[in-house]
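Here is the structure we will look at.
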Amino acid sequence: MSATQARVAPPESPFRRALRQFFRHRLAVFGLVVVTAFVAAAVFAPLLAPYDPLQTSWTLVRKAPSAAHWFGTDENGRDVLARVIYGARASLMAGVVAVTLAALIGVPLGLLAGLSGGWTETIIGRVADAMLAVPFLILAIALAAFLGPALENAMLAIAITASPVFVRLARGMALEAKNTDWAEAARALGNPPWRLALVHVLPNIIPPLMVQATLSIAEAIIAEASLSFLGLGQQPPSPSWGSMLNSAQRFLTQAPWMAIYPGVAIFLVVLAFNLVGDGLRDALDPRSQRR
Amino acid sequence: MAVWLLRRIGQIIPTLLILSVLIFALQQLMPGDPALILAGEERGDPQVLAQIRAELFLDRPLPEQYVRWLWRALQGDLGFSWRIREPVAVLILQKLPVTLQLGGMAFVIACCIGVPLGVLSAVYKGRWPDVLVNAVALAGISTPNFWLGIMLILLVSVNLGWLPPSGYVPLFEDPWQSLKTTIMPAFVLGNAISAVLMRHTRAAMLNALSQDYVRTARAKGLGERVVVLKHALRNALVPVVTLGAIELGRLLAGAVLTEQIFTIPGFGKLIVDAVFNRDYPVVQGVVMVVAVITVLLALLADVIYLLVNPRLRHA
């Protein structure tokens, strides 16, 4: 392409510009690579895992890492590497499902609150504020406790706990949008409020929503690991990083490798989601350039 | 200012009321009949079940149950533990000092790490110390607290044998031993918010360093150290302190897992044990108390902000 052609080319679309911005952010790209690797590990776990994650063995109880078992074996002789790979399923599922659910609960309520105003807004806003007043993990533990110990219930508990952030985000954007000239014009043309919400406000919310969702996934993964660590998430013998750390704690002196690898996995995946979230924020919102 | 304070307190009341409704509603999520759990061996006896239901007002309509529950909670009566048959309020009061000691130490540690690193990062903005500090903060945020605790036990207690891996000695019984049992969990807990404090400090310092009074101080020929530490940092600390007060609520949440790992008999251990024993009144009580503390801390933060910032006092 010659220089003259480049000059007359139409301006870059916002999407492409954001994409270019994102890929200039080296750490964010690193985060994306790590996230992709973990997603691949979760999806192709049966192909990647060297052993069956549930296969116990009396002769292999708590063996140190070796050529046959890279990450060692656990208290039931199960391969730790296989369990870490399969554990990615519980963690990523919990993170993605819980946050999707949280957004599906939070965004419509937030839009409703922001656009309707009055009592609806007061009530929704107050409930969201009240929920945000309880520290995240405490609320999630309480909800999971009352719902009963199971991975599905842990996800639901995390989703409910994470939803007020999305309510607040959507409400703020809706309020901001409501007072713009174009919203005024759309209303004057006779658009009903729901159309205003879906066609005019929602697309504007998508960039900050993506950023928030990515950062929320990081938080949700830690929350799932914490709940599973407490026995409120994934139930044994199914592998999950949190519950692996729970049993590892009892064998710290004899089998430290059991405690190291699941933790490294949580750390890496959470770090990666945080990096992608930061990268997305810088790429999508030119106002929030942090540096 | 008095008017502002009253209005601010007025805002808290609906928040707390809604919270109480939500926490009361938790009960309804519970699978099964609480009377059945409480009756234990006698669960086949309809008379016992009826008696339990009558005593706990479980046979009344929900709104009435809620009002009774709230009325008693307002008087400091959070019900009784199903497991240990003791008032929930007493249990919480017993455990709270332990967690407060832990939280206090954690907060001091977090400030000692977060504030200097934040200043460093702001002063060297964009250069390698800033990049390094930001990387450390990001790693800190991404590390699951309980895993950090396990790794520290592995390193410090198992391999080096310097500190006991678990247990707790009350502060007034043996201060030295108490310090030895709490310093590791306090560090773990502090680590979680030191990264947040660092980011707040960095932002506040960057703001302060761009102000006119800093330029004036520099123009007067003051040394960079005086400018940074005396002029900029003093002003930057205002938002940091207020945001720090809000972070204390996060400490309470972090304490849940940290106390579990280091077997410290505090607030967090109380809620976890209660969860396992299906001791629901204790779970509700702990959540309510934590929520009230968090809301009050946010209020405190606003008041401090107002007190240390004279420009806002008459606004």
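The values are calculated or read from the model by the stated rules, or taken from the named source; none is laboratory data. Not measured: the values here are computed from a predicted model. Cβ coordinates were reconstructed from backbone atoms using ideal geometry, including for glycine residues, and neighbour counts include every protein chain displayed.
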Quiz item: Which one of A:Leu151, A:Leu137, A:Leu147, A:Leu189 is surrounded by fewer than 24 Cβ atoms within 10 Å (Cβ to Cβ), aliphatic (A, V, I, L, M) and under 21 Å from the mean Cα position of the chain (by Cα)?
Solution: A:Leu151
Practice problem: Test each condition in (1) crowded, with 18+ Cβ neighbours inside 10 Å; (2) farther than 30 Å from B:Leu17 by Cα for B:Asn207 and report the one that comes out false. | Solution: (1)
Quiz item: Which one is modelled with the highest pLDDT, of the residues in segment A:41-94 that are surrounded by 16 or more Cβ atoms within 10 Å (Cβ to Cβ) and acidic (Asp, Glu)?
Solution: A:Asp79
Quiz item: Is there a residue in segment B:163-186 that is farther than 21 Å from B:Arg225 by Cα, assigned to a helix (DSSP H, G or I) and facing another protein chain (nearest Cβ under 10 Å)?
Solution: no
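Return yes or no: is B:Val228 in contact with a helix residue (DSSP H, G or I) (Cβ under 8 Å, 6 or more places away or on another chain), surrounded by fewer than 24 Cβ atoms within 10 Å (Cβ to Cβ), of a type in the set (A, V, I, L, M) and within 10 Å of chain A (Cβ to nearest Cβ)? Walk me through how you get there before you give the answer.
On the way: in contact with a helix residue (DSSP H, G or I) (Cβ under 8 Å, 6 or more places away or on another chain): yes; surrounded by fewer than 24 Cβ atoms within 10 Å (Cβ to Cβ): yes; of a type in the set (A, V, I, L, M): yes; within 10 Å of chain A (Cβ to nearest Cβ): no.
When the stated conditions are applied, B:Val228 does not pass them.
Out of B:Leu49, B:Leu19, report the one residue that is facing chain A (nearest Cβ under 9 Å) and either modelled with pLDDT under 85 or crowded, with 17+ Cβ neighbours inside 10 Å (or both).
On the way: B:Leu49 fails: facing chain A (nearest Cβ under 9 Å).
Result of the check over B:Leu49, B:Leu19: B:Leu19.
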Quiz item: Right, A:Pro262: more than 7 Å from chain B (Cβ to nearest Cβ), under 23 Å from A:Pro65 (Cα atoms), within 21 Å of the chain's Cα centre (by Cα) and at pLDDT below 90 or not?
Solution: no
Quiz item: Taking the condition part of a helix (DSSP H, G or I), under 15 Å from the mean Cα position of the chain (by Cα) and more than 8 Å from chain B (Cβ to nearest Cβ), does A:Leu275 pass?
Solution: no
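Being part of a helix (DSSP H, G or I) and within 8 Å of chain A (Cβ to nearest Cβ) is the filter here; which residues of segment B:124-144 pass it?
B:Leu138, B:Ala139, B:Ile141, B:Ser142, listed by residue number.
Restricting the search to segment A:228-241, which residues are surrounded by 24 or more Cβ atoms within 10 Å (Cβ to Cβ) and more than 10 Å from chain B (Cβ to nearest Cβ)?
We begin by selecting, within segment A:228-241, every residue surrounded by 24 or more Cβ atoms within 10 Å (Cβ to Cβ); these are A:228-230, A:232-234, A:239-241.
Listed by number, the residues that qualify are A:Ser228, A:Gly233, A:Gln234, A:Pro239, A:Ser240.
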Self-check item: Residue satisfying condition, being within 14 Å of chain A (Cβ to nearest Cβ), surrounded by fewer than 19 Cβ atoms within 10 Å (Cβ to Cβ) and either modelled with pLDDT under 90 or within 30 Å of B:Tyr66 (Cβ to Cβ) (or both), within set B:Phe262, B:Phe276
Solution: B:Phe276
